[in-house]
Amino acid sequence: MQTPQKLYQHLLQNFDSYTIKELIDLNNDLILNASWGTQKSTFRTAVLSSLARKGVNLSHITSHDDGFTTIQLVPVELDEDNALVPLAC
């Protein structure tokens, strides 16, 4: 098994070829699927990092408080301003 850091780097490299739509679909599948194991957070971090590297704004699902960053565990969609927003359920 790979270490989380090696897995993260591997995923980032592979996600470079994914479209923004494919990355959003991956995020939503991760959030809605409870059967993931211990690597779920590493995988989701790589998905969100790849979206940010493609210029997608994550500010609507992240918050910063006392030096900590929190990312909402919600399905998302891309709005007209190229920002991820929580999906209206």
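At-a-glance table
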{"quantity": "Filter result for the condition that a residue is modelled with pLDDT of 95 or more and either at negative phi or open to solvent by 40 Å² or more (accessible area, probe 1.4 Å) (or both), over R44, R53", "calculated": "R53"}
{"quantity": "Which numbered condition T69 fails, given (1) surrounded by fewer than 14 Cβ atoms within 10 Å (Cβ to Cβ); (2) modelled with pLDDT of 95 or more; (3) β-branched (V, I, T)", "calculated": "(2)"}
{"quantity": "Unique match (being open to solvent by less than 60 Å² (accessible area, probe 1.4 Å) and out of contact with any Asp or Glu (no Cβ under 8 Å at 6 or more places or on another chain)) among N33, N27", "calculated": "N27"}
{"quantity": "Answer residue from the range 56-66, given it is open to solvent by less than 70 Å² (accessible area, probe 1.4 Å) and part of a strand (DSSP E or B) and is farthest from L11 (Cα to Cα) among those", "calculated": "S63"}
{"quantity": "Lone qualifier among T38, T3, T42, T19 - being polar (S, T, N, Q) and touching a Pro at 6+ places or on another chain (Cβ under 8 Å)", "calculated": "T42"}
{"quantity": "Restricting the range 5-24 to residues that are open to solvent by less than 80 Å² (accessible area, probe 1.4 Å) and without any contact (Cβ under 8 Å) to a residue 24 or more places away in the chain, the residue that is farthest from N82 (Cα to Cα)", "calculated": "N14"}
{"quantity": "Considering residues of the range 35-89 that are hydroxyl-bearing (S, T, Y) and in contact (Cβ under 8 Å) with a residue 12 or more places away in the chain only, the residue farthest from Y18 (Cα to Cα)", "calculated": "S59"}
{"quantity": "Residues of the range 23-37 satisfying the condition of being in a helix (DSSP H, G or I) and either more than 11 Å from the chain's Cα centre (by Cα) or among the small types (G, A, S) (or both)", "calculated": "L32"}
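The values are calculated or read from the model by the stated rules, or taken from the named source; none is laboratory data. Quantities reported herein were computed from a predicted structural model and do not represent experimental measurements. Cβ: placed from backbone, ideal geometry, glycine included. Neighbour counts: every protein chain shown. Heads up: the accessible areas ignore ligands, DNA and RNA and are worked out on the full protein's heavy atoms, side chains in. Shrake-Rupley method; radii C 1.70, N 1.55, O 1.52, S 1.80 Å.
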